[in-house]
Amino acid sequence: MNNNKRGGSRLDRRHLLQAGLAAAFAAPLGVLGAAQAFAPGGIATGVDFSEFPLCRTASNAPALTGAPRKLKLSWNAGAVCLAPVPVAIEHGFFQKHNLDVELVNYSGSTDQLLEAIATGKSDAGLGMALRWLKPLEQGFDVKIAAGTHGGCMRVLSRTDSGVGKLADLKGKIVAVGDLAGPDKNFFSIQLAKLGIDPNKDVDWRAYPGNLLNVAVEKGEVQAFLSSDPLAYLWLKDNQYKEVASNLDGEFREKSCCILGLRGSLVREEPQVARAITQALLDAAMFTAQNATVAAKSFQSYAPKAATLADIEGMVRYHTHHHHPVGDVLKRELKAYADDLKSVQVFKPSTDTAKFAERIYVDVFAV
């Protein structure tokens with residue numbers, strides 16, 4: 001089983017602190033505030049806020065005062081990579097920033113989600129960059145404030161399939177849950193970088209997400225794409241192997257999920273926009289350093305088949321220590337937009353630099 005074949009699946013405190021320091025040198029002081037949200041040596045398995053002083057950001061805006069600000073945050077409650085969300089509620093990170101956050105479990109289309117955020121039905125949302133960027137090209141009033149983590153998308157195949165690496169998908173039939181999904185977009189980009197035309201050299205077939213493994217078992221496809229927790233749980237079965245993931249190569253240090261904020265919130269209440277962003281980044285760093293605690297916070301949202309050890313394994317595998325904001329985030333968004341142009345998802349005429357500038361916001365600089 002290859003669940004944890006990468007070193008990142010066993011990140012220790014020293015690795016996380018080094019990653020945070022490297023990010024700090026790569027960006028203006030305070031930009032990656034959550035990477036310094038906790039004092040070195042103060043990490044413990046318990047939750048004692050006296051041991052975790054919240055960071056000071058580059059913004060000089062005063063802390064929120066008065067009654068807690070009520071906000072609605074949309075998320076996919078089944079996505080284990082969003083474990084920092086229940087962590088933020090259960091362990092008081094929103095409260096620390098004087099926020100009263102209501103979670104909205106959203107399972108509709110991405111266009112509907114972005115419209116809900118843009119029109120004020122929700123104040124913020126979390127989702128996958130490679131699902132959001134194409135709709136954002138159409139002009140929704142949603143601003144991307146942070147990346148939240150990397151990892152969670154995988155290519156799986158049977159151990160006896162003969163598919164051992166991504167390049168082996170050329171000429172193969174591959175099952176996907178959504179022909180416009182982020183996993184198909186991501187691995188299409190990776191194939192293109194290998195000189196393989198994902199639109200001509202791979203036969204993509206759509207199947208219900210929870211039946212992807214059935215397609216490969218029946219021999220209808222040679223591989224399938226899936227996200228955690230399903231992908232991780234399938235990998236517990238020794239008849240499956242991981243062929244590739246979105247932690248391979250250069251993408252190990254990129255975000256796959258992002259935080260979007262209502263545009264009017266950013267413009268009219270920048271302190272509130274900063275507060276919810278900081279709370280989620282603090283929760284993400286806490287998750288990176290306290291996987292067992294985070295797993296327990298997420299357990300009630302996980303599939304019944306997932307044990308606490310499974311959830312903890314996924315939390316450790318996902319790169320919750322990587323959550324860029326500011327110029328670092330803008331560069332990642334532009335790079336993804338360039339990649340989407342290369343696989344004909346974005347229009348050839350799209351100016352990706354202007355696009356990234358339009359959709360991102362540095363909440364710590366307002």
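Assorted remarks:
- In this calculation the C-beta distance from THR307 to GLN138 is compared with R0 = 45 Å, giving a FRET efficiency of 0.60.
- Computed over the range 90-137, the Cα gyration tensor eigenvalues convert (square root of 5λ each) into semi-axes of 24, 12, 10 Å, ordered from largest to smallest.
- Under the Debye formula (equal points on every Cα, no solvent term), log10 I(q)/I(0) of the range 260-366 at q = 0.11, 0.19 Å⁻¹: -0.52, -0.99
- Semi-axis lengths (Å, descending) of the ellipsoid that matches the C-alpha gyration tensor of the range 249-291: 25, 15, 6
- Vicinal HN-Hα couplings computed from phi for the range 268-277 (Karplus, 6.51 cos²θ - 1.76 cosθ + 1.60; Hz; Gly/Pro x): 8, 9, x, 5, 5, 4, 5, 5, 5, 5
- Annotation: extensible slack from LYS193 through ARG358 equals 56.7 nm (criterion: 0.36 nm per residue apart, minus Cα-Cα distance).
- In terms of packing, defined here as the mean over residues of other Cβ atoms within 10 angstrom, the peptides 164-171, 124-131, 65-72, 282-289 line up highest first as 282-289, 124-131, 164-171, 65-72.
- Cross-link check: pairs LYS184/LYS354; LYS193/LYS304; LYS134/LYS296; LYS70/LYS184; LYS96/LYS236 evaluated at a Cα-Cα cut-off of 27 Å; pairs beyond the cut-off: LYS193/LYS304; LYS134/LYS296; LYS70/LYS184; LYS96/LYS236.
- Here the label points at ARG205 and SER349, each 7 Å from Cα along the C-beta direction, are separated by 3.8 nm in the simple model.
- Amide H contacts of SER74: VAL104, ASP123, ALA124, GLY125, LEU126, each under 5 Å away and 5 or more positions distant or on a separate chain (H built 1.01 Å from N in the peptide plane; Pro and chain starts excluded).
- Remark: the ARG267-LYS70 segment gains 69.2 nm on full extension, using 0.36 nm per residue and subtracting the alpha carbon distance.
- Residue-by-residue Karplus 3J(HN,Hα) for the range 287-298, coefficients 6.51, -1.76, 1.60, Hz, glycine and proline x: 4, 4, 9, 9, 4, 5, 5, 5, 4, 5, 5, 8
- Total charge dipole magnitude, the range 167-265, about the Cα centre, Cβ charges on Lys, Arg, Asp, Glu only, Debye to nearest 20: 160
- Accessible surface of the range 87-218 [probe 1.4 Å, protein heavy atoms]: carbon and sulfur percent: 46
- Taking 0.36 nm per residue of separation and subtracting the Cα-Cα distance, full extension of the segment from LYS236 to LYS341 would add 34.2 nm.
- Note on the range 202-276: Cα-Cα pairs beyond 13 Å make up 75% of the total pair count.
- Of every Cα-Cα pair in the range 188-246, the percent that sits beyond 19 Å: 35
The values are calculated or read from the model by the stated rules, or taken from the named source; none is laboratory data. All figures in this text were calculated on a predicted structure; none of them were measured in a lab. Note that each Cβ is placed from the backbone with ideal geometry, even for glycine, and that neighbours are counted across all protein chains shown. In case anyone asks, the SASA skips ligands and DNA or RNA and just uses the protein heavy atoms, side chains included. Shrake-Rupley method; radii C 1.70, N 1.55, O 1.52, S 1.80 Å.
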